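Let me begin by presenting the structure, written as structure tokens, before commenting on it.
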Amino acid sequence: MRKVLSLGICILIMGTGVLYAQEKRISIEANYGFQRNFFVDDYDESPNSFSDINFYNKSVIGAIGGLEIKYRIGKRNKLGLGYASSSNSRVLSYSGVVNGVGIGILDFPITHKNQFYQVNYEFGIGGSKSNFSVEAGFFYLRSFQQEVEISSFRRTVLFEERNFKNSRLEEGGAFIGFSYMAKIDTRFRLGIRSRFYYLISTNSPEALTVTPTLSYNF
């Protein structure tokens, strides 16, 4: 009986140790907040040879949210894989006459969406008890751009969404980030993260994000 009890205690201790190790190594992070997109207000909406009135631009301030899974290597360093989706919108209202035809658009939203697929390396700064960390990584981007064009030449009003499938909208780039994460119990950490995304493929900035972040440690 004592041998069985001793064996049970050993198994319990070993199991607890395994759970503790897992808790310290793997985490899932959810984040949601604001982003400033540097691209969505940079379109030329002036008339051209194909269209008289164009609506391409969106608000530069939008929302972003995502999920990441991270694996700890060493004491404070982590490797991460993540996905995030951002959205910038604009509400259109227009009335006018083109080629004798009255055209009206009332409170119609158009949206620019980005999908970020990313990998990153995070390392803690400021000592073993610090809650601060910095990170760097790479991302692959796919965009969905809704646009409206009014054309007297084509005698049409075109409502269009350009995306990867029909327009091959894809880019690649790198990002850097900074975060503060505080422990709130044995498994959860809560904090805030900021990232700056830069498109290597077009040599231009893409977005600046600020997102409250909740982490669950296994």
Quiz item: Expressed in nm to one decimal, what extension gain is obtained for the pair Asn99 and Asp42 from 0.36 nm per residue of sequence separation less their Cα-Cα distance?
Solution: 17.6 nm
Quiz item: At what distance in angstrom do the alpha carbon centres of segment 32-101 and segment 108-184 lie from each other?
Solution: 8
Quiz item: So for the chain, taking the charge dipole from beta-carbon charges (+1 Lys/Arg, -1 Asp/Glu), which of Gln145, Leu81, Val210 sits furthest toward the positive end?
Solution: Leu81
Quiz item: For the chain, what does -39500 (n - 2.57) per DSSP helix run (n ≥ 4), summed and divided by total residues, give at 222 nm, in deg cm²/dmol to the nearest 500?
Solution: -4000 deg cm²/dmol
Quiz item: If you put +1 on each Lys and Arg Cβ and -1 on each Asp and Glu Cβ, how big is the dipole of the chain around its Cα centre, in Debye rounded to 20?
Solution: 1660
Quiz item: If amide H atoms are built 1.01 Å from N in the plane of the peptide, which residues on other chains or at least 5 residues away come under 5 Å of the amide H of Ser59?
Solution: Ser89, Arg90
Practice problem: May I ask for the net charge around Arg193, where only other residues with Cβ less than 15 Å from the Cβ of Arg193 are counted and Lys, Arg are +1 while Asp, Glu are -1? | Solution: +1
Quiz item: For the residues Lys129, Lys165, what sequence is obtained by ranking on other C-beta atoms within 10 Å, fewest first?
Solution: Lys129, Lys165
Quiz prompt | Charge tally in the Cβ shell below 14 Å around Ala174, where Lys, Arg are +1 and Asp, Glu are -1, Ala174 excluded | solution = -2
Quiz prompt | Candidates Ser89, Ser204, Ser46, ranked by Gaussian network fluctuation over the chain, Cα under 10 Å, top entry | solution = Ser46
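A short reminder: the numbers here are calculations on the coordinates, not readings from a lab. Small disclaimer: the values here were computed from a predicted structure and weren't measured. As a convention, Cβ positions derive from the backbone with ideal geometry for all residues, glycine included, and neighbour counts pool all protein chains shown.
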